Amino acid sequence: MNDVAKSRLKVGLDVPWVTSWSGEAVLGVGPCASVGGRLAVRQAERPGFGRPNYSRNHLRRQRLTVARMLCPMCGEPTPEDDRWLQTARRTTAGILRARSFAAALPPALGDDRVVVDAGAIAPCHLACAGRAAAHCPHLQAHTSGELIAFPYAWIVLPLMVRAGPTHVLDSTARPASAVSFLQLCGITTETDRAWRSRAPLTSADS
Ligand SMILES: [Zn+2]
């Protein structure tokens, strides 16, 4: 099949390491080491086969970028002094708490604490950020080009999906929840005492 032929584009060079390819089918739910053996949505591993789907990250590779601090561009680990975000926004824990998906923030984190909402995008190396900015039209359209240094502390917020019974005839099987992607929120040491007066984030911002 033409669709799953090996591409001439190189993973990690021409196409980000985390990007999903048309040759990588979603396989359903099962335990996954990327989330410590919890149930997660799995996907075939054939990077470089078919066409890159730039608007969709590969499920397991995305989870690995967040869980192991791997650069989404090249797939190599990022040292803590070389972690940069291109599309993140600085906000506060209180504003994130106002959004339902962020209910997992630890209670001890004060509402006025400045956090860096990275969404589902792990930080990349400075060198890789420069390459991405030069080559990626999507990034050029959606960012100011300003890089945010990722803080030294962070929390991981799993995005959950409901997974149905694995077999329709098994009436004892109850729908379970499974991890799709991992979201990332950096915790700075700064506080913003006027956080209540800041404009709330809308869904269009994220
Ligand atoms: Zn990199």
Fill in the blank from the handout: With criteria (1) surrounded by fewer than 20 Cβ atoms within 10 Å (Cβ to Cβ); (2) at pLDDT 90 or above, Asn57 comes up short on (1)
Exercise for the section: For the range 24-47, indicate whether the set of residues that are within 16 Å of the ligand (Cβ to nearest atom), at pLDDT 95 or above and touching a Cys at 6+ places or on another chain (Cβ under 8 Å) is non-empty. Expected result: no
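Take the residues in the range 76-87 that are without any contact (Cβ under 8 Å) to a residue 24 or more places away in the chain and part of a loop (DSSP other than H, G, I, E, B), then tell me which one is nearest to the ligand (Cβ to nearest atom). Let's see the steps before the verdict.
At the first step, the residues of the range 76-87 found to be without any contact (Cβ under 8 Å) to a residue 24 or more places away in the chain are 77, 79, 81.
Within this subset, residues satisfying the condition of being part of a loop (DSSP other than H, G, I, E, B) are 79, 81.
On the way: Pro79: 11, Asp81: 14 Å.
Taking the candidates together, the pick is Pro79.
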Exercise for the section: Within the range 88-131, count every residue that is part of a loop (DSSP other than H, G, I, E, B), surrounded by 15 or more Cβ atoms within 10 Å (Cβ to Cβ) and not small (Gly, Ala, Ser). Expected result: 8
Fill in the blank from the handout: Conditions (1) buried (at least 20 other Cβ atoms within 10 Å of the Cβ); (2) under 21 Å from Cys128 (Cα atoms); (3) not β-branched (Val, Ile, Thr) -> Gly48 fails only (1)
Fill in the blank from the handout: If you go through Met73, Met69, the only one that is within 10 Å of the ligand (Cβ to nearest atom) and either under 17 Å from Thr19 (Cβ atoms) or not charged (D, E, K, R) (or both) is Met73
Fill in the blank from the handout: Of the residues in the range 1-49, those that are under 30 Å from Ser177 (Cα atoms) and either β-branched (Val, Ile, Thr) or assigned to a helix (DSSP H, G or I) (or both) number 8
Handout entry: Pair list, Cβ < 6 Å and 6+ apart or interchain, from the range 2-18 residues that are modelled with pLDDT of 95 or more to residues that are of a type in the set (Lys, Arg)
Key = Val18/Arg61
Handout entry: Every pair of residues 6+ apart whose Cβ atoms lie under 6 Å, when the first sits in the range 56-71 and is in contact (Cβ under 8 Å) with a residue 40 or more places away in the chain and within 17 Å of Gln86 (Cα to Cα) while the second is in a helix (DSSP H, G or I) and within 15 Å of the ligand (Cβ to nearest atom)
Key = Leu70/Leu64; Cys71/Cys128
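The values are calculated or read from the model by the stated rules, or taken from the named source; none is laboratory data. These figures come from a predicted structure and were not determined experimentally. FYI the Cβ positions are ideal-geometry reconstructions off the backbone, even for glycines, and counts take in every protein chain you see.
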